[in-house]
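The values are calculated or read from the model by the stated rules, or taken from the named source; none is laboratory data. The structure displayed is predicted, hence computed values, not measured ones. Neighbour counts run over all protein chains shown; Cβ positions are idealised from the backbone, glycine included. Heads up: the accessible areas ignore ligands, DNA and RNA and are worked out on the full protein's heavy atoms, side chains in. Shrake-Rupley method; radii C 1.70, N 1.55, O 1.52, S 1.80 Å.
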Amino acid sequence: MSEGTWLVGTAGQAVMRSNDRGVTWHRLGLGQPLEFDAVVRSVCLDPAEPRRVYAGTDIGLCVSQDVGNTWEACQTPFSGEMIWKVLVDPRDPSRIFVGTGAPSRAALWRTLDAGLSWERAAVDIPEFCAGVNRPRLLAFAFDPVDPDQLWFGLEEGGLFHSRDGGAAWQRVDGRLLWPFRSDIHNIQVLANHGKKVVVVACVNAVYRSLDEGQTWTGFLPNDTHGLYYARALSAPLGSESTLYLSLSDGTPGTTSRILRSSDAGESWQVLPLPQQPNSCFWSIATDPTDPRKVLAGTKYGHLFTSVDGGNSWQKQWREFSEITEVAWSPAVASIQVAHRSVVPHEEAVA
């Protein structure tokens, strides 16, 4: 049975990939619009066609039709800008949202026709902010119950909610409970067995809302786990109530933990790791066809994997430059290896 393809987006090695559970890894070949040493901030699978992968890069939006083996640069109004977030609607793959950010001007873009045309959201995003100099759009979430409801968040610049599919947006982070509420790292919306919940990871807090953002509860990770920095927040595709969360002692930090919730963020369990990570977990992702298969990458390049929903983990031998986002595609790339044979711990150029 195929294990699919692991994709690791990096700042400095573009997208690295493996289709043999990490035994061998492959970087991009030459002569592509996306350089093999590019900065990639976001990696997103097309849920309808797992061989199609979108990447937010330092040259704009790129797309691969063969699970990251070869890439094309998409012609968009934001070509050449740094993209921090790409998300494809799980119910409608022609609806895609893209968020730009530092060093480019932060903005949100929407296409309803798979990239034939794009519209910039009418949202007032400042050019500069206090915490990270220039804002970057890190977080975006679709509502699994109501397709017209959408969420996005900025580091730094606030939490925004739309009730009309993204035509208009309202800033709502003023309702959150603690300081630094404008520093949004991640958002997930879960159907939660008929009790829809919005979960938001801020820099120093994790929030829940059961009434579409009108009121919030939450916790301060520093008080509950001794780690103040909340970063990755991930849910398996179609999940009703399972979430993964990363906490760290800072950014990049010196260590990190992964937590799992089975009740849509109401309670959390710390998961066992085989060794201390070298920095904050920056991204967590699951196989769309098997939620037990989990990838987690740290800021400074450690990659951990689990095949039992996080009950046990393996640290992979391959370490990377800065990991920005990970993805697990059930499809397998047809990788043409330059070497006649590839042994464990050897990298090849596709």
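Listed by position, the strands (runs of 3 or more DSSP E) enclosed by the range 197-242 that each have at least 1 residues that are without any contact (Cβ under 8 Å) to a residue 40 or more places away in the chain are 197-202, 206-209, 217-219. Which one of these does VAL198 not meet: (1) open to solvent by less than 30 Å² (accessible area, probe 1.4 Å); (2) of a type in the set (A, V, I, L, M, F, W, C); (3) within 25 Å of SER79 (Cα to Cα)? Checking VAL198 against (1) open to solvent by less than 30 Å² (accessible area, probe 1.4 Å); (2) of a type in the set (A, V, I, L, M, F, W, C); (3) within 25 Å of SER79 (Cα to Cα), the one that fails is (3). With respect to ASN186, determine if the residue is among the polar types (S, T, N, Q), open to solvent by 10 Å² or more (accessible area, probe 1.4 Å) and assigned to a strand (DSSP E or B). Taking the combined requirement at face value, the residue satisfies it.
Hand me the list of strands (runs of 3 or more DSSP E) wholly inside the range 21-87 holding 3 or more residues that are open to solvent by less than 30 Å² (accessible area, probe 1.4 Å). Explain how you work it out, then say what you get.
Values: elements: 25-27, 40-46, 49-57, 60-64.
Filter on the range 21-87 gives 40-46, 49-57, 60-64.
Residues in the range 243-274 that are outside any loop (DSSP other than H, G, I, E, B), out of contact with any His (no Cβ under 8 Å at 6 or more places or on another chain) and open to solvent by 20 Å² or more (accessible area, probe 1.4 Å): ARG260, GLN269.
Within the range 88-110, being assigned to a strand (DSSP E or B) and open to solvent by 20 Å² or more (accessible area, probe 1.4 Å) holds for TRP109, ARG110.
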